[in-house]
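Here it is: the structure, laid out below.
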Amino acid sequence: MKKEPSAPFTVALAGNPNVGKSTLFNALTGLHQHTGNWPGKTVACAKGICQIGAHTVELVDLPGTYSLSARSPEEEIARDCLLFTPLDCIVVVCDATAIARTIGLALQTLPFSSRVIVCVNCMDEARKKGISVDLSALSDLLGVPVVGVCAHKKRTFAPLLDTIEQMLAQEAVPAPKPVRLSPDLQSAVDTLVPYFDNTPHPFLFAQWALTDEPLPAAYTSYFTPEIKEEALRLRQALEKTGITDPAQAVTRCFVLHAEELFLSAVKVKAPGQPRRDRLFDRIFLNRKTGVPVMLILLGLILWITVAGANIPSGWLSQLFGVLGDWLRTLFLSWQAPAWLTGFLLDGVYGTLTWVIAVMLPPMAIFFPLFTLLEDFGYLPRAAFHLDHALCRAGACGKQALTMCMGLGCNAAGVVGCRIIDTKRERIIAILTNSLMPCNGRFPTLLTITAAFFSPAIPALQSAVGAAWLVCFLVLSVMMTLLLSKLLSVTLLKGEPSSFVLELPPYRRPQLKKILVRSLFDRTLKVLWRAVCVAAPAGAVIFLLANITVGEQTLLAHMTAFFDPIGWFFGLDGTILLAFLLGFPANEIVLPIILMGYLSSGTLVSVENVSALSALLSQNGWTLLTAMNMILLCLFHFPCSTTCLTIKKETGSIKLTLLAWVLPTIAGLSLCAILTWTVRLIAWMF
Amino acid sequence: MNTIALCDLKPGHHGTICAMPNGGSFSRRLESLGFTKGACVTCLQTAKSGDPSAFWVRDTAVALRKCDAKDIAVSVLNA
């Protein structure tokens, strides 16, 4: 089938989860798919264009799948792409340190496609662990080209690119040697093949019909009762020959073949878990040290974030202060009307620069650190420790991973819930994801803690701030478990599903690449959000604070309306209003509160913590108010982006509303309980 | 030759799988990860209360819950 010269070729990257498909994809296309050392990050197909030799190639990054009998939505996506979209070449990526396990998918693609290239990744790691892979022997045994790469090093790509080019130019058509099933199984499958002759993959469908696996949605109509009866009859016949479970028998054929390949082509110096990984796991996975180490790691990351953010914050505040003064003099020299100066400088500029100076540094620092931990391979170990609690709460152990993603961004956490197989548990994970404070809420939590719960000694401030954050995160996890349990026994009843979690080998994170890429990425993203959300918000607040209706400004009217409700929860009208107005982005809640209190002043006057604390105290804030603010900040409705994502992922407006209401009720209830307990105690004494 | 459930394998101990649970896509997932009859398994660590446990099988570390591991029978290689 010759392609027109202008139309791009389509090449798919397939393979087990966490073998390096996305890393390879990013390197070839220059795009930035999310990568990290735990299985399940790619949950949708990503497409990118790259040049391979003389050909323009559309590269498709598929979600990882263990086998073509898909168990979860993202595996279905991978399977459907491999089976039903016209592909010019399939590159199956394997892990050199785990050939026996990862070659399975390659074996499964051989029966229906001859245009397969097996790409063995992590060759450098394998060498370090004393594992040597004989690529040409593998190629002989499989009947398709086999190349080796290190996805992190572009200079190793030459053999892969050459082989792809040769395949696209159809210079050499491989003769794959598919797995031979045992004779009984093979004849049973052959009997069913004629029924599926007008489907794209008769052999595969016949095999699935025999093993009673669900066919892809578009083809279930092919599975007529006649075929079902025939399949049943064949299965009963197989039982007489001793094959009680055809599906298991088929899998075993593939597994044994993979093992044969492994024994023929791979030499391992020291079998068993590599020493370095064993030592790490002794610390991270241990029942005694595992959880304390988790808290310490978290505390360390947060401490670096807090301490590191102070310096750039200071610089940026100073810079914007000077710039602001200069602009003010400029406006003055133009004899600009006071309302315009106020609107542009106090409203728009003030809020925008406050957000950039105070909110940006912690966010820009946390993300790269978190990515380092991700790449290292620690996250599945954290999930290991949280699994028991999650199981008791009726949730899936993988929810620990989506909760970790929610720490970066709740919208990303919601999308990540696709790795959870069962619908019930996926919905629980989606609904509770925003209970984990995202990146955008850290600065608010940090600032309030610094203003009210900070020690006098400056040297300890960062450490104490980090310690507080760790406590808040523990509280978030407990609340997630509580609400998950509540959902499991009421709206989303059901049993916890079976759970298997792969613990990937530890990998050295690509320090420079991550620090630069992540820092840059994050900074740009936050800056963009600041411009799109914070600046207009500042404009709106300024208008509300300066347009008078009757005796009071609009802002005063609105806060007066919310004041009684606020008082009930130990807050005030300004705070409630700020949370509502902060729906588009969490980082503008605090600036809105401050501007509300200042009404006509500028935010520049609250550029340091003591000024901020003074302002808040002047407006009636007590320690109780600060605590309630923190509780509400942790547990309130998700931001607009997250809500849109939830609607997209679940397809249900009801669930999106529930996702909005649930955390809000949780937060307000906690505030009410705390407030009235404290007031009761105060009243009694 | 004593046979125990996989969940009872102690950390540091090795065993060979003698029987896998029948049926279900879950056991097939386990098999594709390496838990097949005759495969050698080592218990790496167990979490508090033994649930879940981490096992080294073939060339991967995999964590399994107690309720899922109890259906897999292993014969212990060293006491």
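Please list, in order along the stretch A:641-651, the HN-Hα scalar couplings obtained from phi with the Karplus expression 6.51 cos²θ - 1.76 cosθ + 1.60 (θ = phi - 60°), rounded to whole Hz, x for Gly and Pro.
Couplings: 4, 5, 4, 4, 5, 4, 4, 5, 6, 9, x Hz.
Please give the net charge around B:Cys7, taking every other residue with its beta carbon less than 10 angstrom from that of B:Cys7, where Lys and Arg add +1 and Asp and Glu add -1.
Residues near B:Cys7 contribute -1 overall.
A further question on this structure: Going by amide H atoms built from the backbone, whose H comes under 5 Å of the H on B:His14, apart from near neighbours?
The answer is B:Leu77, B:Asn78.
Further, regarding this structure: Dipole of the protein assembly as shown, Cα-centred, from +1 at each Lys and Arg C-beta and -1 at each Asp and Glu C-beta, to the nearest 20 debye?
Magnitude of the dipole: close to 1480 debye.
Would you mind checking the radius of gyration and Dmax of the stretch A:240-279 based on alpha-carbon positions, in Å?
According to the Cα coordinates of the stretch A:240-279, Rg and Dmax are 15.7, 49 Å.
With 26 Å as the limit, write out which pairs from A:Lys267/B:Lys66; A:Lys288/B:Lys10; A:Lys154/A:Lys512; A:Lys654/B:Lys66; A:Lys41/A:Lys512 have Cα-Cα distances beyond it, or answer none.
Pairs exceeding the cut-off: A:Lys267/B:Lys66; A:Lys654/B:Lys66.
What's the Cα-based Rg to Rh of the protein assembly as shown, Rh via Kirkwood?
1.02
May I pose another question? Give the carbon-plus-sulfur fraction of the accessible surface of the protein assembly as shown in %, rounded to a whole number; probe 1.4 Å, heavy atoms of protein chains only.
65 percent
All other residues with a Cβ under 14 Å from the Cβ of A:Tyr195 taken together, and with Lys, Arg as +1 and Asp, Glu as -1, what is their net charge?
Around A:Tyr195, the charge tally is -3.
Work from the charge dipole of the protein assembly as shown (Cβ charges, +1 for Lys and Arg, -1 for Asp and Glu, about the Cα centre) and give the residue of A:Thr351, A:Thr211, A:Ile457 farthest towards its positive end.
A:Ile457
Per residue of the stretch A:442-450, in order, report the coupling 6.51 cos²θ - 1.76 cosθ + 1.60 (Karplus, θ = phi - 60°) as ³J(HN,Hα) in whole Hz, putting x for Gly and Pro.
Calculated HN-Hα couplings, in order: 4, x, 4, 4, 4, 5, 5, 4, 5 Hz.
Still on this structure: Once the whole set of protein chains is in place, how much accessible area is left on A:Lys647, using a 1.4 Å probe, in Å² to the nearest 10?
My reading of the accessible area for A:Lys647 is about 80 Å².
Among A:Asn286, A:Leu302, A:Ile665, pick out the residue whose Cα is farthest towards the positive end of the charge dipole of chain A, where Lys and Arg carry +1 and Asp and Glu carry -1 on C-beta, about the Cα centre.
Ranked along the dipole, the leading option is A:Asn286.
Sticking with this one: Using a simple spin-label model with points 7 Å from Cα along the Cα→Cβ vector, what separation in nm is obtained for A:Leu332 and A:Leu232?
Calculated label separation equals 9.1 nm.
Taking only Cα atoms, what is the 0 to 90° angle, nearest 10, from helix A:653-684's long axis to the longest principal axis of chain A?
40 degrees
Relative to the first principal axis of the alpha-carbon coordinates of chain A, what is the inclination of helix A:360-376, with its axis defined by its Cα atoms, in degrees from 0 to 90 and to the nearest 10?
Result, in degrees: 20.
Let me ask something additional. How large is ³J(HN,Hα), in whole Hz, for each residue of the stretch A:514-521 in order, when computed from phi with the Karplus curve 6.51 cos²θ - 1.76 cosθ + 1.60 and θ = phi - 60°, using x for Gly and Pro?
With the stated coefficients, the stretch A:514-521 comes to 5, 4, 6, 4, 5, 4, 4, 3 Hz.
If you don't mind, there's one more thing I want to ask. Hey, what's the Kirkwood Rh for the stretch B:3-76 if you take every pair of different alpha carbons, in angstrom?
11.8 Å
Another one. If you put +1 on each Lys and Arg Cβ and -1 on each Asp and Glu Cβ, how big is the dipole of the stretch B:3-76 around its Cα centre, in Debye rounded to 20?
The calculated dipole for the stretch B:3-76 is roughly 60 debye.
Would you mind computing Rg(Cα) / (2.2 N^0.38 Å) for the stretch A:485-604, counting N as its residues?
So the stretch A:485-604 has a normalised radius of gyration of 1.64.
Once the Cα gyration tensor of the stretch A:418-538 is diagonalised, what are the square roots of 5 times its eigenvalues, in whole Å and ordered largest first, as equivalent ellipsoid semi-axes?
32, 22, 19
Only helical DSSP H runs with n ≥ 4 go in: add -39500 (n - 2.57) per run for the protein assembly as shown, normalise by residue count and round the 222 nm mean residue ellipticity to 500 deg cm²/dmol.
The helix-only estimate for the protein assembly as shown comes to -17000 deg cm²/dmol at 222 nm.
Express the accessible area of chain A per residue in Å², computed with a 1.4 Å probe while the remaining protein chains stay in the model.
In whole numbers, chain A has 43 Å² accessible per residue.
Compute the helix-to-body angle for A:609-618: its Cα long axis versus the longest principal axis of chain A, expressed 0 to 90° and rounded to tens.
60 degrees
If you don't mind, another one. Which FRET efficiency value, to the nearest 0.05, do you get for A:Leu624 and A:Ala307 by plugging their Cβ-Cβ distance into 1/(1 + (r/R0)^6) with R0 = 35 Å?
In this case the efficiency is close to 0.80.
Right, something else. Please check the stretch A:249-279 for residues whose accessible area, probe 1.4 Å, is lower by 20 Å² or more when all protein chains are in place than in their chain alone.
Flagged in the stretch A:249-279: A:Thr251, A:Arg252, A:Val255, A:Glu259, A:Gly272, A:Gln273.
The values are calculated or read from the model by the stated rules, or taken from the named source; none is laboratory data. Given the structure is predicted, the values throughout are model-derived calculations rather than measurements. As a convention, Cβ positions derive from the backbone with ideal geometry for all residues, glycine included, and neighbour counts pool all protein chains shown. When the accessible area is computed, the model is the full protein with side chains, heavy atoms only, and any ligands, DNA or RNA have been set aside. Shrake-Rupley method; radii C 1.70, N 1.55, O 1.52, S 1.80 Å.
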